[in-house]
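For reference, the structure discussed in these notes is given below.
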């Protein structure tokens, strides 16, 4: 079992829909959780990060962490065509001496106008 | 503010040729990383350097070598390229709090 599992999609939704992207993980030592967005032919960029269970909002984006279930989600409200990208979850351990992030495989999202 | 700069952006190699991918960051980060990204495989770590003077293998190091030339620069070398190394390569550096990685724009490498 890989440390981080992510639904690969692809996911296609109409403009204005609510999008739910999810990852599960197996290592309970992971405490920092991130979502990266990657546009076609570009490098990934950090979208949100959180280190606690519960919800964190940033505009139309909400990151949710459930450590008891080892499950994280990213919700996108009022999705826009500009949200079309690949979304990668990532996680790491605290005080881990700069050990690398562990990434999910990414979910490709298309928002259709 | 350049962030992480990779060169070249595109490269075509013949099987058996060698080349070095260059990466430089201007954010004074200690940690730097090389990933490859293939369809359906996500980002896979090749090598990383937690600090100047140290390097460690990642998930897929075979066929690659790295050099942490100084705090700014981290290069990836393919000694004898193989078609299986056709991929998009990303360099990244990470903040000291271990919460954000900054990526370069990638190098698209094709080995024929």
**Asked** In the set A:79, A:53, A:28, which member is over 21 Å from residue B:42 (Cβ atoms), away from chain B (no Cβ under 14 Å) and crowded, with 17+ Cβ neighbours inside 10 Å?
**Response** A:79
**Request:** Could you grab me the full set of residues in region B:80-99 that are assigned to a strand (DSSP E or B) and either in contact with a helix residue (DSSP H, G or I) (Cβ under 6 Å, 6 or more places away or on another chain) or under 16 Å from residue A:99 (Cα atoms) (or both)?
**Result:** B:91, B:92, B:93, B:94
**Request:** Taking residue A:2 as the residue in question, decide whether it is at the interface with another protein chain (Cβ under 10 Å from one of its Cβ atoms) and more than 23 Å from residue B:95 (Cβ to Cβ).
**Result:** yes
**Message:** Can you tell me which residue is modelled with the lowest pLDDT among those in region A:8-22 that are surrounded by 13 or more Cβ atoms within 10 Å (Cβ to Cβ) and within 12 Å of chain B (Cβ to nearest Cβ)?
**Reply:** A:8
**Asked** Does residue A:73 satisfy the condition of being out of contact with any helix residue (DSSP H, G or I) (no Cβ under 7 Å at 6 or more places or on another chain), part of a strand (DSSP E or B), more than 14 Å from every other protein chain (Cβ to nearest Cβ) and at pLDDT 90 or above?
**Response** yes
**Asked** Failed condition for residue B:77, given (1) assigned to a loop (DSSP other than H, G, I, E, B); (2) modelled with pLDDT of 95 or more, with all others met?
**Response** (1)
**Message:** Looking at the structure I just gave you, is residue A:63 in a strand (DSSP E or B), farther than 20 Å from residue A:2 by Cα and within 13 Å of the chain's Cα centre (by Cα)?
**Reply:** yes
**Unique residue being closer than 16 Å to residue A:103 by Cα and either within 11 Å of the chain's Cα centre (by Cα) or in contact (Cβ under 8 Å) with a residue 40 or more places away in the chain (or both) when the list is B:102, B:74, B:10** = B:102
**Message:** Yes or no: region B:4-26 includes at least one residue that is at pLDDT below 95, in contact with a strand residue (DSSP E or B) (Cβ under 7 Å, 6 or more places away or on another chain) and surrounded by 13 or more Cβ atoms within 10 Å (Cβ to Cβ).
**Reply:** no
**Request:** Can you tell me which residue within region A:96-108, out of those that are more than 8 Å from chain B (Cβ to nearest Cβ) and surrounded by fewer than 21 Cβ atoms within 10 Å (Cβ to Cβ), is farthest from residue B:94 (Cα to Cα)?
**Result:** A:108
**Asked** Name the residues in region B:100-112 that are more than 9 Å from every other protein chain (Cβ to nearest Cβ) and part of a strand (DSSP E or B), would you?
**Response** B:107, B:109, B:110, B:111
**Request:** Kindly provide the set of residues from region B:31-48 that are in contact with a strand residue (DSSP E or B) (Cβ under 8 Å, 6 or more places away or on another chain) and at the interface with chain A (Cβ under 9 Å from one of its Cβ atoms), ordered by number.
**Result:** B:31, B:33, B:35, B:37, B:42, B:43, B:44, B:45, B:48
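The values are calculated or read from the model by the stated rules, or taken from the named source; none is laboratory data. If you're wondering where the values come from, they're calculated on a predicted model, not measured in any experiment. Positions of Cβ are generated from backbone atoms using ideal geometry, with glycine treated the same way; all protein chains shown enter the neighbour counts.
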